[in-house]
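The values are calculated or read from the model by the stated rules, or taken from the named source; none is laboratory data. Being a predicted model, the structure only gives us computed values, none of them experimental. Because the Cβ atoms are built from the backbone with ideal geometry, glycine has one as well, and the counts that use them run over all protein chains shown.
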Amino acid sequence: MLTITKQEIELNAHVSSKEEAIRAVGAILVNAGYIDPAYIESMLGRETQANTFLGCGVAIPHGMPKDRGLIHKTGVAVLQVPSGVTWSGTDKATLVVGIAAQSDEHLQILANLTGVLGDPKLAARLSETGNVDDIIHTLMNGVPSDDTLIKPLIGEASHNVTIINSTGLHARPGTVIVRIAQKYESEIRIAFDSKIADAKSLASILSLGVPGNSTVRVFAAGSDQAEAITDLVAAIDAGLEEEDEAETTAHSAPKWESGEELSRITGVQASPGFVIAPVFQLRRTGSVALQTNTESVSEIARFNSALDNARAELREMQKTVTESIGKHEAAIFAAQEALLEDPELTDQTRLRIDQGDSAETAWARAIATKVAELSAIQNELIAARAADFQDIGQRVLRLLNPATDPLNSLPDYPIILLADDLMPSETARLDTAIVVGICTSGGGPRAHTAIIARSLDIPAVVAMGDALLNIANDSRCILDADAGCLYTTTTEDALLSAQKHERLVVAMKQTDYNTRFLPAYTSDGNGRVEILANIGKASDVDDALSSGAEGVGLLRTEFLFLERTVAPTENEQYDALVGMIRTLDGLPLIVRTLDIGGDKVVPYLDLPHEDNPFLGIRGIRLCLRHTDLFHTQLRAIYRASLVGPIKIMFPMIATIEEFLQAKELAEKVRIEVGAGQVDIGAMIETPAAAVTADMLATEVDFFSIGTNDLAQYTLAMDRMNPELAACIDPLAPSVLRLIDITVRAAKKAGKPVGVCGGIAGDPDAAVILMGLGVDELSMTRSSIPGVKAKIRATSMEQARRKAESALR
Ligand code: PEP
Ligand code: MG
């Protein structure tokens, strides 16, 4: 416990104002080496926000939490002012107890001090005593507690609850308890550590000296006892309105509050950000006017030349998107180039031209037929292909007739672009100086358009519904993509506050980017989270490293199987892996074995149709049934392990048997290849794996939690269903509790645990995951600077508290 000495007490002081009293008690703290002199200003500042007068002549001036850095160590000083100094209104302070608290070491002194508040005679004696030992004795030993408090409550309603506030039950949270307790007729008590307090009296609550993270018992007796307990327990669980000031100033821009009721349209965030601008509706010309041709040979030549130009444009697009955004995002244009070669499409068009259609009409009809065919198939991936056909359709049409390009009509000043949906090539062609925000009535957060918007750093909200398309051009709107909404009306005040917020967001993004290579240590140095990247192929590694990644936490190897007509050979897979290992140059590479099935369809594998593919043969189940595919992949991985560090993880584990079977196959391949041991981990993506994590933990070298699937299976919400996009919340307590179970099991077995699902890239979620004890977070590269900065601005204790409350 903190001690108080004679040097920290000044008797018989004469001060003429509260400010003078605070400066005097502050000077004692400075001389004792507890604080920097600047902390005195913070103590004065606190007084403008909250009155620190407790009663019976006692005041406890202290600084603001954000200035805790000015405290060298926790200490208390007392200024005795026998004649009293006006504190507020008619309140006069005779004992001014200055507090410099780095943590909760001073709580016992505070508790003892509050004993004085219940004893006016003692208070009067201490304010006049000429013997410092009287004050020291009271502050160190307290006054006997009032046993009568417990009597009326024996046998009545009660409930245990943990005080999650790290600084314990000090004045501010205590005031919240009093405010709630006073609403009830019942007598309410709080018991802690053999002491009991009246919940309607702040002094009494403070006398408990409850430190952070300790459990108290709330008792109530009276007509509304049950309601009182429920209300108090809920408030305590929610942190007693303790807004940790250090936290609100910590890194992430606070959420913007409009301050008044503004009309808004909500959707799902596709790319974060905040921007104010006039809106502009992207109007497509709709169907092509049917035209005929007079000379089919020249019309076919015109069509062929448009195809050639489209091909050239797509190649150029791949090049510029690769340079400006990344190879992964550019791959869509390679795929579209292949679609341009589709003979069904081109032959159909030429045939129609021969039959008399103009090139535009023939091409538009061929595209429409193809899109209709594909759209009839209920499969998200195939539907995406339909969108690609539509996209190349628009491109060729634009080349045949430039007037059909909807982007031609964009104004020359910054706008928020509103559209039914955008095609990937449209998004990639956007001039980011003009289009500063995107809102679409349709679309989904996982579509390519969303990925490109994120990479271009354009705030975007999708799935907003048709009301979006009725907003008049040039209406000045506020796009809060972080909150997934567009404010369609505004006021002068709201606009001013939004402009301030916008500037803050821009400045913070730039700072995050500038510090992206710094490691993610917590602000108190008590923890570090490794920040890794999720990638799909070798060429992504460079981009990931230049965004600040400390390695690869998830290589989705199925990407090596997509956009092809046959499976990659062992050597092709080996070459890709070795390429990554070389670029990573010793940094970790976690290779997830094939996760085909579910949403990841590989047409040439000719897998049978399933009614419920997400509950069917996917991930490890597929590999255990198609051991040829698995064997080839494992050989490539083990051969690559001879070149540099690599780890293996198996996706979609639901039972221990699956994991053991896969591990046994891997071990056989390892021996066959002559490779050394490689760490083998399990992905925790099913509730089954999470609840048996203690059993799995003894078999694995590490866990990696795939929250995209874990949320889908826990909440029974299809991750591909756009209607559920806004509801499928990986931070739901149900999902977090499964993560908690997994982390605890991993810790007990001494195994590392990471998270590689989408929430790892959300800075607020990252803090919660860190608080739960996750060692590593793996995310898309664009999220890395923001997550690292957020962790560096958060203490381990804050993260634990966030996690604790998120679990509830
Ligand atoms: C996940 O499910 O969270 C995950 C990382 O795997 P994927 O998104 O590839 O299914
Ligand atoms: Mg998954």
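Quick check, is GLY551 within 16 Å of ligand 2 (Cβ to nearest atom) and either more than 18 Å from ALA640 (Cβ to Cβ) or buried (at least 17 other Cβ atoms within 10 Å of the Cβ) (or both)? Here the answer is no, as GLY551 does not meet what is asked.
Confirm whether GLU260 is assigned to a loop (DSSP other than H, G, I, E, B), surrounded by fewer than 20 Cβ atoms within 10 Å (Cβ to Cβ), of a type in the set (Asp, Glu) and modelled with pLDDT under 80.
Values: assigned to a loop (DSSP other than H, G, I, E, B): yes; surrounded by fewer than 20 Cβ atoms within 10 Å (Cβ to Cβ): yes; of a type in the set (Asp, Glu): yes; modelled with pLDDT under 80: yes.
When the stated conditions are applied, GLU260 passes them.
Tallying residues that are within 12 Å of ligand 1 (Cβ to nearest atom) and either without any contact (Cβ under 8 Å) to a residue 60 or more places away in the chain or of a type in the set (D, E, K, R) (or both) within segment 714-737 yields 5.
Can you tell me which residues in segment 559-586 are within 16 Å of ligand 1 (Cβ to nearest atom) and not in a loop (DSSP other than H, G, I, E, B)? Can you show your working first?
Applying the first criterion (within 16 Å of ligand 1 (Cβ to nearest atom)) to segment 559-586 yields 559-562.
Answer for segment 559-586, where residues must be within 16 Å of ligand 1 (Cβ to nearest atom) and not in a loop (DSSP other than H, G, I, E, B): PHE559, LEU560.
Being within 16 Å of ligand 2 (Cβ to nearest atom) and either surrounded by fewer than 23 Cβ atoms within 10 Å (Cβ to Cβ) or at pLDDT 90 or above (or both) is true for just one of LEU562, LEU584. Which residue is that? If you could, list the steps in order and put the result at the bottom.
Working: LEU584 fails: within 16 Å of ligand 2 (Cβ to nearest atom).
Within the list LEU562, LEU584, the selection yields LEU562.
Kindly provide the set of residues from segment 749-761 that are without any contact (Cβ under 8 Å) to a residue 40 or more places away in the chain and either within 13 Å of ligand 1 (Cβ to nearest atom) or touching a His at 6+ places or on another chain (Cβ under 6 Å) (or both), ordered by number.
So in segment 749-761, the residues without any contact (Cβ under 8 Å) to a residue 40 or more places away in the chain come out as 750, 761.
Scanning segment 749-761 gives a single hit, GLY761.
Per this entry, MET695 is not counted among residues that are within 13 Å of ligand 2 (Cβ to nearest atom), among the aliphatic types (A, V, I, L, M) and in contact (Cβ under 8 Å) with a residue 24 or more places away in the chain.
Based on this model, can you work out whether ALA799 counts as aliphatic (A, V, I, L, M), within 29 Å of LEU589 (Cβ to Cβ) and either crowded, with 21+ Cβ neighbours inside 10 Å or modelled with pLDDT under 95 (or both)? Considered against the rule, which asks whether it is aliphatic (A, V, I, L, M), within 29 Å of LEU589 (Cβ to Cβ) and either crowded, with 21+ Cβ neighbours inside 10 Å or modelled with pLDDT under 95 (or both), ALA799 comes out as yes. In segment 673-685, the residues that are more than 23 Å from ASN708 (Cα to Cα) and among the hydrophobic types (A, V, I, L, M, F, W, C) form Cβ pairs under 7 Å with partners that are in a loop (DSSP other than H, G, I, E, B) and more than 16 Å from ligand 1 (Cβ to nearest atom), at six or more places apart or across chains, as follows: ALA675/LEU642; VAL678/ILE646. Test GLU658 against the stated conditions and say whether it is crowded, with 19+ Cβ neighbours inside 10 Å and assigned to a helix (DSSP H, G or I). Considered against the rule, which asks whether it is crowded, with 19+ Cβ neighbours inside 10 Å and assigned to a helix (DSSP H, G or I), GLU658 comes out as yes.
Which of the residues spanning segment 82-139 are assigned to a loop (DSSP other than H, G, I, E, B) and in contact with a strand residue (DSSP E or B) (Cβ under 7 Å, 6 or more places away or on another chain)? Let's see the steps before the verdict.
To start, the set of residues in segment 82-139 that are assigned to a loop (DSSP other than H, G, I, E, B) comprises 89-90, 101-106, 118-119, 129-131.
Within segment 82-139, ALA101, GLN102, HIS106 meet the criteria.
When the residues of segment 587-627 are filtered to those that are within 13 Å of ligand 2 (Cβ to nearest atom) and in a loop (DSSP other than H, G, I, E, B), the one that is modelled with the lowest pLDDT is ASP599.
Among the numbered conditions (1) aliphatic (A, V, I, L, M); (2) in contact with a strand residue (DSSP E or B) (Cβ under 8 Å, 6 or more places away or on another chain); (3) more than 16 Å from ligand 1 (Cβ to nearest atom); (4) outside any loop (DSSP other than H, G, I, E, B), the only one that VAL678 does not meet is (4).
With the structure loaded, tell me whether ARG744 is under 17 Å from the mean Cα position of the chain (by Cα) and basic (Lys, Arg) or whether it fails that test. It is false that ARG744 is under 17 Å from the mean Cα position of the chain (by Cα) and basic (Lys, Arg). With the condition kept exactly as written, say whether any residue in segment 506-528 is assigned to a strand (DSSP E or B) and surrounded by 18 or more Cβ atoms within 10 Å (Cβ to Cβ). For segment 506-528, residues assigned to a strand (DSSP E or B) and surrounded by 18 or more Cβ atoms within 10 Å (Cβ to Cβ): present.
Out of all the residues in segment 532-549, which are part of a helix (DSSP H, G or I) and among the small types (Gly, Ala, Ser)?
Looking only at segment 532-549, we keep the residues that are part of a helix (DSSP H, G or I), and these are 540-546.
If the condition is that a residue be part of a helix (DSSP H, G or I) and among the small types (Gly, Ala, Ser), then ALA544, SER546 are the ones that fit.
Looking across segment 623-647, just one residue is surrounded by fewer than 24 Cβ atoms within 10 Å (Cβ to Cβ) and within 16 Å of ligand 1 (Cβ to nearest atom), and that is LYS647.
Close contacts from segment 547-575, counting a first residue that is free of Cβ contacts under 8 Å to residues at least 12 places away in the same chain and under 29 Å from ARG454 (Cβ atoms) and a second that is within 16 Å of ligand 1 (Cβ to nearest atom) and of a type outside the set (D, E, K, R), with Cβ to Cβ under 7 Å and a gap of 6+ residues or different chains, come to PRO568/LEU560; PRO568/PHE561. Summed over segment 628-655, the residues that are out of contact with any Phe, Trp or Tyr (no Cβ under 6 Å at 6 or more places or on another chain) and not in a helix (DSSP H, G or I) give a count of 13.
Consider segment 592-620 and keep the residues that are away from ligand 1 (no atom under 13 Å from the Cβ) and surrounded by 17 or more Cβ atoms within 10 Å (Cβ to Cβ). The one that is nearest to GLY754 (Cα to Cα) is ILE617.
For the structure I just gave you, tell me whether THR404 is more than 18 Å from ALA362 (Cβ to Cβ) and hydroxyl-bearing (Ser, Thr, Tyr).
Details: more than 18 Å from ALA362 (Cβ to Cβ): no; hydroxyl-bearing (Ser, Thr, Tyr): yes.
No, not satisfied.
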